[in-house]
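Chemist: Sharing a structure below in structure tokens format, with a few things to ask.
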Amino acid sequence: METLFKGKAFKLHQDKNIGILEFDLEGEKINKFGEFQLKELGDLCDKIKAGDYKVKALLIRSAKKDSFIVGADINVIQSLADEAEARKASELGQSTFSKLEDLSIPTLVAIHGACMGGGTEMACAAKYRICSDSSRTVIGVPEVKLGFLPGWGGTYRLPKMVGLMNAIDMILSGKSIRPHKAPKMGLVDELVPEALFDAKSVEYTHMLAEGKVPFNKSRKVSLPEKLLTTNFIGKKVFFSKAREQLLSKTKGHYPAPLAALELIRDKSSLKRDAYMKEEARVFAQLWATPVSKHLVSLFFLTEDVKRDPGTTSLDREQLKSLPKFNQMAVLGAGVMGGGIGYQSASKDIYVTLKDIRHEAVAAGKAHAQKLFNKLVERKHMTRSQASQKMSHIRGQVDYTSFGSLDLVIEAVVEDLEIKKKVFAEVETKVSDQCVIATNTSSLRLEDMLPAFKKPERFVGLHFFNPVDKMPLVEVVTHPQISPETVARAVAYVKAIGKTPVVVKDGPGFLVNRLLLPWLNEAGYCLQEGYDIVETDKILKKFGMPMGPFELLDEIGLDVACKVSHILHASLGQRFKPSDGLDRIMEANKKLGEGQTKRLGKKSGLGFYKWENGRRKEADTEAIHKILFPTGVKARTELNPETLIRRLIYPMINETALILKEQIVEKAWQVDVGMIFGTGFPPFRGGLCRYADSVGLKNIESELQRMSTLYGARLKPTEALSAYAQSGGKFYD
Amino acid sequence: MKTAYLAYGTRSPFAKAGTDLKTVHAAELGRHALAELIARSNLSHEHWGKIVDEVIIGNTGTPADAANISRVIALRAGLPENVSAYTVHRNCASAMEAMAQATLKVQAGQGDVFIAGGAESMSQMPLMYNNKATSFFDKLSRARSLADRLKVLKDIPLKDFLKPRIAIMEGLTDPFYDINMGETAEIIAKEFGIKRNEQDEFALWSHQKAVKAQEAGHYANEIAPYSVPPKFENTLTNDSGPRANQSMEALAKLRPFFDKKFGSITAGNSCPITDGACMVSIVSEEGLAKLEGAKAIAKITGYAFAGLDPRRMGLGPVFATKKLLDQTGEKLQDFDVIEINEAFSAQVIGCLRAFESQKFFDEHFNGDKAMGAIAPERLNPNGGAIAIGHPVGATGARIALTAALEMNRLGAKKALATMCIGGGQGGSISLEAV
């Protein structure tokens, strides 16, 4: 094979009369598109068109192992100066791929490994596509997740290739397509077994060079699809339905999918080059939105988190040589234990659930089984895969097998003395290299330290409920912890598919300490006569996944009440809870036999009524009876803006203190914690990003004003004032 | 020749078929026993994966979806894919055969660490279409045109659909003489003149010993509690068979099951069909070291299998033990603990009589000296299959393990486990304290 061209990104080889164009980005393990890559590709297309190379067909593939093209270089996209430059960037990609499309020789793109964004857009511009059946192969256009749209002709070519329905689905959701679905959708012309992939790619290209087409190019179009996408009226129905669904999902917070939908709806009758101008315009507009800026910075944040080993005291070699967690135990089975067991077993860690009663162990197993069953029902897993995973979980009521464990997570009752007793016992049963963790949410690690002979192996692993759904785990450190323990705990959290945030020991750690001011303040609002449903609605409109009262019901009113007192005791006046929850607990005590306790979702009754885990109507009247025994207070008029400030700003106030106390060191850690731990709206970039966008000076003076109206607990902390004075932002 | 040791041993609770474990696949029962054996070693799966030479598991029902059930059990229990696994079948003694093969391989130096055992779900043995119904489906699948299909459908053998072959009934029927296992016990009862009340007394004794052993916690050393999936609402911590309230009156009420007119074998003086699994590890001296210095439970000093008249298969233990002791030079009285599997009271009593009957030995062993009597206190001291059940593929390992543990508990020197085998065989394995 002769090499005709060798650039920084592409190599062109000649094999008999075909050209093999290999994307092989210099100095990288993966291929991504930036300016010079696009230019190189464009020039090559020009030369092929001019007949500089004697090739009758062109095969395009990746030289990287198990990875095709991950898309555009996000660094390049982030560093674009302004909207005009963004538009230019879009136009460069468009014109490059149009050159590829306009080649007169047949072109075949061979996709093995991840093919994302710009990679998919390039593939769409070729005449033919094949993909391997490897589990590593996925094809998608995830641009909306970064707040913009596929701006290199993807919104033009994809609908023509896979049909309007599939294309809208892919572009608006950003989801990836697995190889077995790709040929049915028309996304590729052939699915090829991985072992034959390279040989078949070349063979097919040779056939194309001889004028033979090895594929049967027709996608089956279902009747409903035909009805909805091939005529004026059908399309009208389709687009309005799609728009409706989209808005109910994004609540209007995410402009990109909507803009993509409207672009395709309104402009797809244009000729290619005219359409491209529109696509570039919309791309640039979206690129400039704050939502996109926030989503892009969040993307880099999660990349940073993936790379961050959690400690700076160990070098690369030391980190590599740390023992992995293969066998672990959870003490205290139940739902939390079952959830941790499920999460760990699904990543092939062997889990022992230990409790004092067989029934509790069995409940943990049942919970894990239920979660695996759900995966089977949704076809994410086959039944035998699920049984294999479930087989990783065993249960017991003694300390059998503890000698072989790498990790023990304690999730017993929140009682310091019991926990200490358990730790002392466990430490005699496990090997020296076993890490011992607590899942406490309200107690301090420093109080547990005396129970340990080897405190350096002790760490906090604070999972959130429900474990299978909540992406965050707080990795809690303390002064005596070893860097190895921190690094191993962080590696474990990543290994089970969760996002770690390393925090220092302190009341409520990071997330609960930030959530509580919010929930407390909602309690005060309730007592002032604010409506439960309205309040929740407004906060959801702000972007929170749940309003404060719904969240309280989820947490459990008894738990929330207990935690609020613990934090009040250790953090002082700012955390003084309204007495709402106390009164509800009092009322619970007075209940007779058989009456439902008001504990939230778990008992079926909280601020809302719950049925089979589903939220029903608010129980406003009964709540008012408990809170206002002398008669209902006048309903206070709700100003959404004021309410949001009143509930969100106290969290920002606390954030300043948390950073000052170095519970976490960086603002981005707060944002990771809040987005993944509480679902704080990603499009706002996180709590600190949001605070910065409002300006800490504004927040400080508003808190000052509110504190005179609603209570001293809202007074700006000194830490916040300091930030307000020096620059007014959390981020540098 | 290397010495083979019994190291870890763990089993599931046993439950009468059609009760607590009826929804549990045999492979899952086996997985539980093996996973718990691994857990009890305090060594990781990774460690076991590196040292296990082979997994050998007995099973008679052969679930259609786990033809080589040993492999399914091994992988489900967390042993890595590189570990070889195969299934053995010697009817009621399948697990004993698995132990014998592991022992042989250790002795021959073919490996240092073996898993042996058995798993059986007698609840899940299937109903099958009979030949007529099967051939109907065959014809239907060959018919290509609509006309052909209609022609086949015209002769649909509806009656045959309602007459399935019952796998468990066929499995418990002797294929040479077409008599049920119960009927083989009837033959022994009649020929040895074993009366109904003797059999019932023996059955009652089995329950009493088993209940006492449970109360004393003797079985806790071998049973790993099991929560029954998929709901896990029921946790078994012990065998469910032994009845504290079993009585002669209750036993006397039962009618003979196999020979209604002249018979004496009832459901009460036979073992119940049962679900359960039992796993042991059989290792060499080096194997003990590879298990990080595990303590052996017993040394395996010998094993033997022998054939006899299928109609009198219940006397198998006499033939196998005779063969074994001829090889080892031991006397029956050397054994402090003797487990004779209780398929039927009549069959065990028949064995006891045959052991001491010179006439029997004259007839069957060319006039060799009769082996003599077994002292009652040495026989099945923790009860037997009549009380705790007989999951056929698993029992061989269970009685060996129970015998070894009892020997250690007593501080005794030697133990013997022996059993009768459907089709006319017997199996015996002898153990020595370490």
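Chemist: Can you say whether B:A119 is over 24 Å from B:G396 (Cα atoms) and surrounded by 15 or more Cβ atoms within 10 Å (Cβ to Cβ), as far as the supplied structure shows? Don't jump to the end; show me each part of the working.
Modeler: Working: over 24 Å from B:G396 (Cα atoms): no; surrounded by 15 or more Cβ atoms within 10 Å (Cβ to Cβ): yes.
No.
Chemist: Kindly indicate which of A:P577, A:P545 is surrounded by fewer than 16 Cβ atoms within 10 Å (Cβ to Cβ) and out of contact with any strand residue (DSSP E or B) (no Cβ under 8 Å at 6 or more places or on another chain).
Modeler: The unique qualifying residue is A:P545.
Chemist: I would also like to ask the following. The conditions are (1) assigned to a helix (DSSP H, G or I); (2) within 12 Å of chain A (Cβ to nearest Cβ); (3) under 16 Å from B:T395 (Cα atoms), and B:T10 fails exactly one of them. Which is it?
Modeler: The failed condition is (1).
Chemist: Return only the number of the condition from (1) assigned to a helix (DSSP H, G or I); (2) away from chain B (no Cβ under 14 Å); (3) at pLDDT below 95 that A:G310 does not satisfy.
Modeler: Of the numbered conditions (1) assigned to a helix (DSSP H, G or I); (2) away from chain B (no Cβ under 14 Å); (3) at pLDDT below 95, the odd one out for A:G310 is (1).
Chemist: Among the residues of segment A:364-383 satisfying the criterion of being of a type outside the set (S, T, N, Q) and within 7 Å of another protein chain (Cβ to nearest Cβ), which is nearest to B:A33 (Cα to Cα)?
Modeler: A:K365
Chemist: Could you please find all residues in segment B:361-415 being in a helix (DSSP H, G or I), more than 16 Å from B:K299 (Cβ to Cβ) and of a type outside the set (A, V, I, L, M, F, W, C)?
Modeler: Within segment B:361-415, B:D362, B:E363, B:H364, B:P376, B:E377, B:R378, B:G393, B:T395, B:G396, B:R398, B:T402, B:R409 qualify.
Chemist: Of the residues A:G543, A:G631, A:G613, which single one is in contact (Cβ under 8 Å) with a residue 60 or more places away in the chain and at positive phi?
Modeler: Within the list A:G543, A:G631, A:G613, the selection yields A:G543.
Chemist: State whether one or more residues within segment A:367-380 are surrounded by 20 or more Cβ atoms within 10 Å (Cβ to Cβ) and among the basic types (K, R).
Modeler: No, segment A:367-380 contains no residue that is surrounded by 20 or more Cβ atoms within 10 Å (Cβ to Cβ) and among the basic types (K, R).
Chemist: In addition: Condition first: of a type outside the set (A, V, I, L, M) and over 16 Å from the mean Cα position of the chain (by Cα). Now tell me which residues in segment B:68-100 satisfy that.
Modeler: Of the residues in segment B:68-100, the ones of a type outside the set (A, V, I, L, M) are B:68, B:70-71, B:76, B:78, B:80-82, B:84, B:86-87, B:89-92, B:94, B:97.
Across segment B:68-100, the qualifying residues are B:N68, B:R71, B:R76, B:G78, B:P80, B:E81, B:N82, B:S84, B:Y86.
Chemist: Within segment A:336-353, is there a residue that is within 11 Å of chain B (Cβ to nearest Cβ), hydroxyl-bearing (S, T, Y) and free of Cβ contacts under 8 Å to residues at least 24 places away in the same chain?
Modeler: No, segment A:336-353 has no match at all.
Chemist: Now for a separate question. Condition check: of a type outside the set (S, T, N, Q), surrounded by fewer than 20 Cβ atoms within 10 Å (Cβ to Cβ), in a helix (DSSP H, G or I) and at pLDDT 95 or above. Does A:V202 satisfy that?
Modeler: In short, yes.
Chemist: Among the candidates A:H253, A:H294, which residue alone is in a loop (DSSP other than H, G, I, E, B), within 17 Å of A:K145 (Cβ to Cβ), out of contact with any strand residue (DSSP E or B) (no Cβ under 6 Å at 6 or more places or on another chain) and in contact (Cβ under 8 Å) with a residue 24 or more places away in the chain?
Modeler: Being in a loop (DSSP other than H, G, I, E, B), within 17 Å of A:K145 (Cβ to Cβ), out of contact with any strand residue (DSSP E or B) (no Cβ under 6 Å at 6 or more places or on another chain) and in contact (Cβ under 8 Å) with a residue 24 or more places away in the chain holds for just one of A:H253, A:H294, which is A:H253.
Chemist: Separate question: Out of everything in segment A:80-115 that is in contact with a helix residue (DSSP H, G or I) (Cβ under 6 Å, 6 or more places away or on another chain) and farther than 30 Å from A:G211 by Cα, what residue ends up being surrounded by the most Cβ atoms within 10 Å (Cβ to Cβ)?
Modeler: Checking each candidate, the answer is A:S90.
Chemist: Here's something else I'd like to know. Residues of segment B:245-266 being more than 18 Å from B:G350 (Cβ to Cβ) and surrounded by 14 or more Cβ atoms within 10 Å (Cβ to Cβ), which ones?
Modeler: Passing the criteria: B:Q246, B:L251, B:L254.
Chemist: Would you mind stating whether B:N238 is in contact with a Leu (Cβ under 6 Å, 6 or more places away or on another chain), within 14 Å of chain A (Cβ to nearest Cβ) and of a type in the set (S, T, N, Q)?
Modeler: Criteria not met by B:N238.
Chemist: Hey, another quick one. Yes or no: B:S206 farther than 28 Å from B:P13 by Cβ, away from chain A (no Cβ under 14 Å) and either part of a helix (DSSP H, G or I) or of a type in the set (S, T, N, Q) (or both)?
Modeler: Details: farther than 28 Å from B:P13 by Cβ: no; away from chain A (no Cβ under 14 Å): yes; either part of a helix (DSSP H, G or I) or of a type in the set (S, T, N, Q) (or both): yes.
So B:S206 fails the test.
Chemist: Determine which member of the set B:L291, B:L325 is over 21 Å from the mean Cα position of the chain (by Cα), crowded, with 20+ Cβ neighbours inside 10 Å and closer than 27 Å to B:A85 by Cα.
Modeler: Of the residues listed, the single one that is over 21 Å from the mean Cα position of the chain (by Cα), crowded, with 20+ Cβ neighbours inside 10 Å and closer than 27 Å to B:A85 by Cα is B:L291.
Chemist: Residue under question is A:Y342, and the condition is that it be surrounded by 23 or more Cβ atoms within 10 Å (Cβ to Cβ), modelled with pLDDT of 95 or more and either assigned to a helix (DSSP H, G or I) or touching a Cys at 6+ places or on another chain (Cβ under 6 Å) (or both); does it hold?
Modeler: yes
Chemist: Only one of these is in contact with a Leu (Cβ under 8 Å, 6 or more places away or on another chain) and outside any strand (DSSP E or B): A:A622, A:A587, A:A560. Name it. Even if it seems obvious, please write down each step before you answer.
Modeler: Working: A:A622 fails: in contact with a Leu (Cβ under 8 Å, 6 or more places away or on another chain); A:A587 fails: in contact with a Leu (Cβ under 8 Å, 6 or more places away or on another chain).
One residue alone meets the criteria, A:A560.
The values are calculated or read from the model by the stated rules, or taken from the named source; none is laboratory data. All values reported here derive from a predicted model rather than from experimental measurement. All Cβ positions, glycine included, derive from the backbone under ideal geometry; neighbour counts span all protein chains shown.
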